[in-house]
Amino acid sequence: EPYDTSDDNKYLAIAADGIKNLPDNAESDYLKSVTMLRLNKREQAEQYLAESFMKDYKMMAYANNDLDLMPNPESAEDSDYKVIYGAMRLWKATMDTISAGNDKHAYTWYKKSLEELNKGKTANIELAKEHMYRCFNLDNRYFTILGVAIRNDDAIRKKKDIVATLKEFRKNYSSAE
């Protein structure tokens, strides 16, 4: 039997009103993101999801596979859109600010590794690997973050050679542990 959508707008209005009363935490921001996407408010959905990432990095892993953060599959214009793409861009921009000039911040080394890999054929793969391992050693959550980024960061996911290299970094680091 097909899904009855007649009450969807009523329940969405209730959800939109209800999210105003949620506590300020990662899970609430995540729920707000899903609600905003369903209300077709992409920018707000991305912002809330990025905020959930900042409050708790494990939210990235959840978002990585959450079909609720995908657009309506029947909408052709949304076919390649995922809230997590925009949220990853916002998260990186925030991390750029937070970590600026701080060699003790894992994101600094994460970013240096990606910058080296983006040099293409002139990239020093060993240096990029060293940077990424330093990142992992400073904050082991970046091991998961990198996995999410490989799939959802526009600056990475469309570059097959970089994706392959990063997957190799993760595999080698994991087996060395």
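Quick rundown of the values:
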| read-out | value |
| --- | --- |
| Residue check, ILE98 surrounded by 14 or more Cβ atoms within 10 Å (Cβ to Cβ), in a helix (DSSP H, G or I) and among the hydrophobic types (A, V, I, L, M, F, W, C) | no |
| Selection count where residues are part of a helix (DSSP H, G or I) and farther than 22 Å from TYR85 by Cα, scope region 136-160 | 3 |
| Criterion (of a type in the set (S, T, N, Q) and at pLDDT 95 or above) met by exactly one of ASN64, ASN40, ASN25 | ASN25 |
| Test for GLU130: is it of a type in the set (D, E, K, R), more than 23 Å from ALA63 (Cα to Cα) and buried (at least 17 other Cβ atoms within 10 Å of the Cβ) | no |
| Among the residues listed as ALA123, ALA155, the single one being over 28 Å from ASP66 (Cα atoms), touching a helix residue (DSSP H, G or I) at 6+ places or on another chain (Cβ under 8 Å) and surrounded by fewer than 19 Cβ atoms within 10 Å (Cβ to Cβ) | ALA123 |
| Residue in region 170-177 that is surrounded by 15 or more Cβ atoms within 10 Å (Cβ to Cβ) and either of a type in the set (Asp, Glu) or at pLDDT 95 or above (or both) present | no |
| Residues being closer than 23 Å to LYS58 by Cα, acidic (Asp, Glu) and open to solvent by 30 Å² or more (accessible area, probe 1.4 Å) - total across region 15-40 | 2 |
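The values are calculated or read from the model by the stated rules, or taken from the named source; none is laboratory data. Quick caveat: nothing in here was measured; it's all calculated off a predicted structure. Backbone-built Cβ (ideal geometry, glycine too); neighbour counts: all protein chains shown. The area values use the complete protein model at the heavy-atom level, side chains included, leaving out ligands, DNA and RNA. Shrake-Rupley method; radii C 1.70, N 1.55, O 1.52, S 1.80 Å.
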